[in-house]
Each structure stands twice: as C-alpha cells, then as structure tokens.
Amino acid sequence: MKLGIPRERREGERRVAATPETVKQLTGLGLDVLVESRAGSSAGHGDEDYRQAGARIVPDLDPAELDVLAHVRPLEPSTARSLKWGAVTVGLASPSTELAVVQSLAEGGVTSFALELVPRISRAQSMDALSSQALVAGYRCVLEAAIRLPRFFPLYMTAAGTVPPARVLVLGVGVAGLQAIGTAKRLGARVSANDIRPSSAEEVTSMGGTFINLDLETAEASGGYARELSADRGARQRELLAPHVADADVLITTAAVPGRRAPLLVTHDMVRGMRPGSVVVDLAAESGGNVEGSMPGRDIHVPTADGHGTVTLVGLKDAPSAMPADASRLYAKNVANLLALMTRDGTVAPDFDDDVVAGACLTHDGVVRHAPTAEALAAIAGPAGFPEQAPPEQAPPESELSEQAGPPEGELSGEKASENEGVS
C-alpha cells in the first residue's frame, strides 16, 4: 500500500507527519512510503535523509494514487475530494470546525482517523498527539513570556542588590499547563496554578508549584478533561481569580473544554489590573481565547488601570510549529504507532473491534462515525440531514470495498465521542 507524506501547505505550519526514524518503522511494516519533496525541510529533515530511511521522494503527491495519507493539519476540501474510495487518512482533523472537510471525506468513502479522538486510555498514550503537542506548546509559551518580560525569572542575590523571582500564574493544568509550570520552575520563577479539576492539585504540587484553591464546584468530566462551568460559576471563578492575576508578573492560560469554545477565564479589566510590564500568554487564543481581547498571532499592549504602562497580551498561534523539529519527532511517532496498530502484512486494515481504532475513527464507508460531528453536519443540512451513504456513482465495486475498507460499523455513542475530542 502507498502511504503519502505531504508537504504541509497551511501558512505557518512547519511540522511534518513522518521523520526518517518513523519512515523506517513504516517501511518495516511493509508500506511503500512516498514523501513529497521538501516535506521535512522546516523540521530539519532533507529529502536524502528520507531516501536513506527507505522512502521514495516525489516532486508532488497525487492524493488519488494513495492508499494512506498521513498529515499534520486538517486536509483541504479539494484534497479530501481527490482521495479514492477506501483510502485511509491519519492526522489532526479539527472535526468541530472543519465540517466541509468531514463531509467531503464521508461522501468520498474515505476512512479517516482524527488524532484528536484517540481515547485517553493507557494503551493509546503512544498515539496521543494532543498530549505530545500540548507538551511542546506548554514549553514554548513560557519561553515566549520570558522573552517579553522586562525582568528576570530567577532570584538573583548580588552585591548590587537582590532581584526577586518573577511570579508566574498558570490557569489550566492539563499537559500544556503542567509543562508550563515545570518550565517556569526550571527558569527559577515562583509558580502558582489553578484548575477547576480537584485532581490537579497534587499534579501542580509534584511539579513544584502552589495550587490555588478557589473552593468552586468540581468540574471534571470523564476521560480526565474539564467540563464547562455554568455562567454564574464562571463569573464567580473570575472574581476569585482577580487578585491572583493582579499579583502575577506572568499569566499563562491553557484551559480548554472538549469540542467547545475555550472558556473565558480572564476579563479585560483583570488584565488592566496587572502591573506595568506584565505579560499574559493565551495558549487558547486559536480556539476562542481564555483572555478577553486576545487575538491569535498578535501581541496587544493593554494600558494598565493606573495609567503607568501596559500589559503585553500574547495570543499564541501555531505554538508547536515554532519548535518543528521536536514537535515533528513526537507527532510522527504518534502517527506511526496508530498506523502500526492497524497494519497487518503490509496492509492497513482497521479493526473496529479495537477501542482505540473505533474511538479515533471520524468517517468510514460513507458514514460519519463521530456522533457530535454527525449531529453538527445534520444541523447544517437541515431536516433532510446529512446523507450517511455516498451517492451510488461514487461507490466502487463490492470487491474493491472488501480489500480497501473494513466492514461497516455503527456510530459511536455521543458520550464516548465527546470525551475524546478537544485539548487537555
């Protein structure tokens, strides 16, 4: 089977879905790996590196000729439409926001796997791209804050006087938040953190931070994700956080709710209440933002309430892509491990009796298997709903289906699917 690794086209994306190391793993499975020329150049991997690892280098990938396509960012609708019936795709799909792509994949009979949907179970940890990329983002956001902060992070005791450590506050203690805590501590800052999941307190302490208990309702969903607070509880949370935000030199927000817009944790007035020169880094800017007024890819200077200076509000964009070498190293391994789970004797043949395979599957055989996405598409389509089966003229012969796609399966339950979508 032909497995294609494309050169990512989205502006700012520097990662790649395979490295020379994972190419060796994939060819060892019996797959014929085709790498588009310069696909890994931004991540530090030249065409010759891939060739020596066993891949074939092609000037341009033709999706119509591929049996499997591994990608980083969600596919373009035109690419999805050009894939043949029964083709398999593996990558980040952003199903809640890329509905047109999902529709094209389903209509074309493509078996697509969204790495956002990989179940949060021990056996699937090596395939969990959300966690691996959140680790990179959590590390990067602290560096971005340190560059912009007009003072040191660590404590310095010198003959000229003592420089106190910077105070860093992290809101949201998932993988990215914990990495941010650890990185800030390694740089010498005094770190505190808050999360609406009570189980996070022990994790914060283990990283050397101080957990801020706001005495709010428990808000932990199944699978380890946070669930959204009610409107009044959200307002109460912001009220209780305000003095802690005002006391911080650096504020880093990483909170997200699966399948929803990022929760608003910090208002414009809370930012204005910080000291001049303070820095706010919103890691959730691309999904709506935890901080009021943040914009992806932009630094905004917010005047402080005392009128003596400004606070720098950083809306991070493409954080993992800012460190493409290690981000690609981890991401490519996630992709290769999922493909290894589905490959037998050189053929990618998903076994939908496997919880990991079934949970990560977005579309298969003309059906949108992820219930929340199917519901969103049905709502757009109106009363007629979204067609589950591809038009007859697009369906290949039954013999071809049996070779390229597994047997039809029922949809996942809404509860199971919803807990797997989103960023921790």
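Highest first, please rank the peptides 152-160, 25-33 by the mean number of other Cβ atoms sitting within 10 Å of their residues. Could the numbers behind the result be given before it?
Values: 152-160: 11.4, 25-33: 19.2.
Ranking the peptides 152-160, 25-33 by packing returns 25-33, 152-160.
Return the long-range amide H neighbours of Val163 (sequence gap of 5 or more, or a different chain), with a cut-off of under 5 Å between placed amide H atoms.
Distant-sequence amide H within range of Val163: Tyr156, Met157, Thr158.
Take peptides 309-321, 282-294 and line them up by average Cβ neighbours within 10 Å, highest first, as a rough protection proxy.
Ranked by mean Cβ neighbours within 10 Å, highest first: 282-294, 309-321.
In angstroms, what radius of gyration and Dmax does segment 1-111 have, counting Cα atoms only?
Just the Cα atoms of segment 1-111 yield Rg and Dmax of 13.5, 39 Å.
Per-residue HN-Hα couplings for segment 301-308, Karplus 6.51 cos²θ - 1.76 cosθ + 1.60 at θ = phi - 60°, whole Hz, x for Gly and Pro?
9, 9, x, 6, 5, 7, x, 9
Tell me, what HN-Hα J-couplings in whole Hz come from the Karplus equation 6.51 cos²θ - 1.76 cosθ + 1.60 at θ = phi - 60° for each residue of segment 77-92, using x for Gly and Pro?
Each residue's phi maps through the Karplus curve to give x, 5, 5, 4, 6, 7, 6, 7, 4, x, 5, 10, 10, 9, x, 6 Hz.
What FRET efficiency would be calculated for the residue pair Ala325, Asp232, taking the C-beta separation as r and a Förster radius of 35 Å, to the nearest 0.05?
0.15
Please report the antiparallel percentage of DSSP beta bridges with both residues in the chain, rounded to the nearest 5.
30
Taking amide H positions as placed 1.01 Å from N in the peptide plane, with prolines and chain starts having none, which residues 5 or more places from Ser278, or on another chain, fall under 5 Å of its amide H?
For Ser278, the qualifying residues are Thr312.
Taking amide H positions as placed in the peptide plane 1.01 Å from N, state which residues far from Val58 in sequence (5 or more) or on other chains have amide H under 5 Å from it.
Counting only residues 5 or more places away or on other chains, the set is Val35, Glu36, Ser37.
Using 10 Å bins from zero, what percent of all Cα-Cα pairs in segment 325-374 falls into each bin?
P(r) for segment 325-374, in whole percents per bin: 22, 43, 30, 5.
Pick out the long, greasy-scoring helices in the chain: whole DSSP H runs spanning 24 Å or more along their own axis by Cα, mean Kyte-Doolittle at least -0.5.
Qualifying helices, which must be both long enough and hydrophobic enough, are 129-148, 324-342.
Straight-line reach from Lys84: which lysines fall under 19 Å, measuring Cα to Cα and dropping same-chain residues less than 8 apart?
Answer for Lys84, where 19 Å is the Cα cut-off: Lys2, listed by chain and number.
Solvent-accessible area per residue for the chain at a 1.4 Å probe radius, Å²?
So the chain comes to 42 Å² accessible per residue, rounded to a whole number.
Sort the following peptides by mean Cβ neighbour count (other Cβ atoms within 10 Å, averaged over residues), highest first: 68-75, 117-124, 90-97.
Sorting 68-75, 117-124, 90-97 by mean packing, highest first, produces 68-75, 90-97, 117-124.
The values are calculated or read from the model by the stated rules, or taken from the named source; none is laboratory data. No experiment lies behind these values; they were computed from the predicted model shown. In this analysis, Cβ positions are derived from the backbone assuming ideal geometry, glycine residues included, and neighbour counts consider all displayed protein chains. Calculation scope for accessible area: heavy atoms of the full protein, side chains included, ligands and nucleic acids excluded. Shrake-Rupley method; radii C 1.70, N 1.55, O 1.52, S 1.80 Å.
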